[in-house]
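Derivation of every value follows stated rules applied to the coordinates shown; laboratory data play no part. Since the model is a prediction, treat every value here as computed from it, not as a measurement. Every residue, glycine among them, receives a Cβ derived from its backbone with ideal geometry; neighbour counts consider all protein chains shown.
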Amino acid sequence: MEKKRRIRWQLSQTQFIASGFFGIILTGTLLLMLPWASRSGQSTGFLDCLFTAVSATCVTGLVAVDTWTNWSVFGQIIIITMIQIGGLGFITIGIFVAIVLRRKIGLKERGLMQESVNALQLRGVVKLAKKIIIGTAVIEGAGAVLLAIRFIPRFGLGKGIYYGIFHSISAFCNAGFDLMGCDTPYMSLTGYYDDWLVNLVIMSLIVVGGLGFIVWEDVSRHKLAVRHYLLHTKIVLVTTVLLIAGGAVLIGISERNNLMASMSTGGRIWSSLFASVTARTAGFNTIDVAGMSEASKLITIFLMFIGGSPGSTAGGVKTTTFATLLFYVKSTITQTNGVNVFGRRLGDDSIKRAACICTINLCLALGVTAAILMMQDLNGMDVLLETFSAIGTVGMSTGITREMTAVSRLLLILLMYCGRIGSLSFALAFTQRIQAAKVKLPEEKITIG
């Protein structure tokens, strides 16, 4: 027993978090396999349950079976619970429970919390955990009430409130799971493409959840005093606005003679904005993803690859990663001394980490795309969108998830898992104990570019 305890405590923070998510996924899979988790009363297959558990815990939204059609209320509650735990992080929830129970929180737990939410410093992480839980409850509660206003007249009081809660949590956690299969399986929110209330509430929840808890803390402390914001907050806010606006304009132009040809002006504006916002790792859709033009799919892939911001419920390589690389390219072209942003200079470690994360995610997504295409005769662009959706924990799909073989789904599961804990973190989990060489090898130049 003592030996086992000693081994457990030797796990690094990254390994502990990765193991924790694995445990949640395994527990969720076993619960979903119970007969009463299925609407038919029969046990759902292991692979479908595993895929659903990974997608929910990793707040992705890709589904092998329709959430409403296949899962009972018990199964849906399991799914939304995994979404909530996966979105906030089990470390954050654990710290909050310890606060409520007045338990002592040591340096190890504080370090795990810092790693979990990508906090910039160890100081204040306990208070941050409390703010995250309370803030989440308030925001999700407000979202649920507003959505219930629209859902109650259509589904009735009890079901309308339940639908409001489910979709509010799913949107805030950037998961993309929906219960609209009660009308047509896999339709998502296409029936609300021009509904201003549903669009505004869902988009707001997605954006707020994807900004990151560090940004929450900074904005709540300094309010509208932008000059006092952290450099991290400034980069996140500016990049988020530009990506949403740019993505909406480009998708609107690409679909003006396609899916949006028969829509009203208001419908086109809402659909364009929603398509841009949801591609930032939410997974809902108000227009048919399969019917999108090739240009729109490519734009969506680009947005999915970037994703949300660090320490948030969103996935992707993150806005700060993308912005850091752009700033680095700009400084190289202009031959500036250092990478300077908003009167500050970015450290070399940030640039190296950004390049590493982008390279790993890109290679994983393209590698899995090639592997699936070698095994199955599927549309290349659709598979590319599927793999980038998986590693970006987005959940947008043209519907080919259900056509994929067991091996292809297992590859998507790996991508979703890596996307949630971080591809770089996943790689470091296997290499952190390797000691760096103290002696450097001789340097030799090569030609670049």
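Structure notes:
- When the Gaussian network model of the chain links Cα atoms closer than 10 Å, the mean-square fluctuations of Ala390, Ala56, Ala142 top out at Ala142.
- Alpha carbon centroid spacing (whole Å) that separates the range 193-247 from the range 350-429: 26 Å
- Potential lengthening between Asp195 and Val226 on full extension [0.36 nm per residue; Cα-Cα distance subtracted]: 7.9 nm
- Dipole magnitude for the range 12-426: about 1740 debye, using +1 per Lys or Arg Cβ and -1 per Asp or Glu Cβ, origin at the Cα centre.
- The chain: relative contact order as a whole-number percent, Cα under 8 Å and 6+ apart: 17 percent
- Residues of the chain were split at every exposed loop site, defined as GluC sites (Glu not before Pro) in a DSSP loop with at most 15 other C-beta atoms within 10 angstrom, and the longest piece left, sites excluded, is 1-442.
- Taking 0.36 nm per residue of separation and subtracting the Cα-Cα distance, full extension of the segment from Ile448 to Phe46 would add 139.9 nm.
- DSSP-assigned coil residues among trypsin sites (Lys or Arg not before Pro) in the range 206-241, each with at most 16 further Cβ atoms within 10 Å: Lys223
- Neighbour-count order for Thr300, Thr81, Thr240, fewest beta carbons within 10 angstrom listed first: Thr81, Thr240, Thr300
- For Cα extents along the principal axes in Å, the candidate list reads (1) 88, 46, 46; (2) 120, 54, 38; (3) 66, 59, 52; the entry that matches the value derived from this model is (3).
- From least to most packed, judged by other beta carbons within 10 angstrom and beginning with the fewest, Cys356, Cys58, Cys49 follow the order Cys356, Cys49, Cys58.
- Separation of the alpha carbons by more than 24 angstrom is noted, of Lys127/Lys159; Lys318/Lys440; Lys130/Lys159; Lys330/Lys352, for Lys127/Lys159; Lys318/Lys440; Lys130/Lys159.
- Selected from Val236, Thr278, Ile299, residue furthest toward positive end of dipole (the chain; charges at beta carbon): Val236
- Computed extension length for Asp348-Thr69: 95.4 nm, one decimal, from 0.36 nm per residue of separation with the Cα-Cα distance subtracted.
- Choice from Thr233, Thr313, Thr190 with maximal GNM fluctuation in the chain (Cα, 10 Å cutoff): Thr190
- Leu101, Leu146 arranged by Cβ crowding within 10 Å, fewest neighbours leading: Leu101, Leu146
- Listed residues Ser204, Gln84, Ile391: farthest to the positive end of the dipole of the chain (Cβ charges): Gln84
- Taking Ile391, Ile77, Ile91 in turn, the Gaussian network model of the chain (Cα-Cα springs below 10 Å) assigns the largest fluctuation to Ile77.
- Euclidean distance of C-alpha centroids, the range 131-184 and the range 51-104, integer Å: 15 Å
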